1. Please report, largest first and rounded to whole Å, the three semi-axes of the ellipsoid equivalent to the range 366-488, where each semi-axis is the square root of five times an eigenvalue of the C-alpha gyration tensor.
2. Average the reciprocal distances over every distinct pair of alpha-carbons in the range 302-459, invert the result, and give the Kirkwood radius in Å.
3. For the chain, what is the calculated [θ] at 222 nm in deg cm²/dmol (nearest 500), taking -39500 (n - 2.57) for each run of four or more DSSP H residues and dividing by its residue count?
4. Send over the Kirkwood Rh of the range 8-133, from the inverse of the averaged 1/r over different Cα pairs, rounded to one decimal Å.
5. Between the range 37-90 and the range 125-202, how many Å separate their Cα centres?
6. Return one number: the angle in degrees, 0 to 90 and rounded to the nearest 10, between the long axis of the Cα atoms of helix 273-285 and the longest principal axis of the Cα atoms of the chain.
7. Roughly how many whole Å is it from the C-alpha centroid of the range 435-471 to that of the range 366-411?
8. Please determine, in degrees from 0 to 90 and to the nearest 10, the orientation of helix 420-435 with respect to the longest principal axis defined by the Cα atoms of the chain, where the helix direction is its Cα long axis.
């Protein structure tokens, strides 16, 4: 192309010159546009043996210059380009409408322009006059020479008789690349070997992938070997494929003994366990994992309590089998029983401690204190229930009998509340004290407790009472009855 714009007449001369050059090379150019117009060079007509010089024509007119038997293939190739199903056109067609006068053309092209939406707007290329489609031998030679693998032929002594283009490339000669060769004899019509052929393939990438897969497999096998859980894989028919050391230890079968056998024959030989294994495996194969505690069997017939889980093994989108994991929960059960026994023992000891504490508290809360010859005080604090009442009575009677006391003062200033049975027991205690020749004096009854006792219907008229411990002690010491300040009957 000239570097400066060309005038119309000069441009015509320039393109005529280009067209002449194309014609001398038995070549022409063509371009189909989406508006069904086709532009061709005048050299197209020279290739086809036609006298016309029209360079712009319709698609139908252009196709009319192609042999009828070759038009469908050309139309299909153009349609595929327009539909973005391919980016180029390449085929052999005949120019002319009859077999005798047709000429073979090698027509090549690709997409030249795209619309704003990305659709092909123009397809174009070159067309070259040829003797005909390449023969089978030529095609084979082209394939051999352009193949991305090494192809060679050697004599008996190993000398190269033929090597293709790939064996001249740097990729084949690169010492860092790994190649594998397949050699085979080439025989004549008598079946005698005349030379040796071979194919070499670059397997560097494949070897790297294989190493990575082996590394991953080794990691997986190592995890299976050290896993504390019995891991078993089966095919879809439940035949054992893998059986790790933990499975050997749990069920007693070695891998060699288990491999290829039905898993049900090994760990669930009897019903209903066999049906359960099959049902769970089928559920897992259908995509629903199974979990739960089940009973399985050791090789020697021992029943095993285990936790099992089953999931499907997927490979290339297809279900290849089932992975089953079993955990021996017998140690867990033993631990649970041991913990339960320990908890029961702890509760028993705790109850003993509580009872001992309560006994000590009762002893501390019902002290019988002598304040003078023949006079004793029993102070009470806290809640006053039947147990406290019974303990108090025992303390009173034992103390009176032991000390020969004449007066016992029961001080309830610190008592918060009393139930009906305990209050009634108090009246009975007073009577028992009198039977031993002593009298019971009660002090410190608070208003709230007085209302509570009245509400319960407890009659304390037979018991001598005083508002405070001080007045009760004074009355006891003076030997007076019903005369001291603060004395009252209820």
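What follows is calculated from the coordinates using simple rules that are stated; it is not laboratory data. Here the structure is a predicted model, which means the values were calculated and not measured. Quick reminder, even Gly has a Cβ in these numbers, built from the backbone with ideal geometry, and neighbours come from all protein chains shown.
1. Output for the range 366-488: semi-axes of 20, 17, 13 Å.
2. Numbers: mean 1/r = 0.0485 Å⁻¹.
Taking every pair of different Cα atoms in the range 302-459, averaging 1/r and inverting gives 20.6 Å.
3. Details: 16 runs with 197 residues, N = 490.
That calculation yields -12500 deg cm²/dmol at 222 nm.
4. Details: mean 1/r = 0.0668 Å⁻¹.
By the Kirkwood definition, the hydrodynamic radius is 15.0 Å.
5. Measuring centre to centre over Cα atoms gives 36 Å.
6. 50 degrees
7. What the calculation gives is 14 Å, centre to centre.
8. 30 degrees
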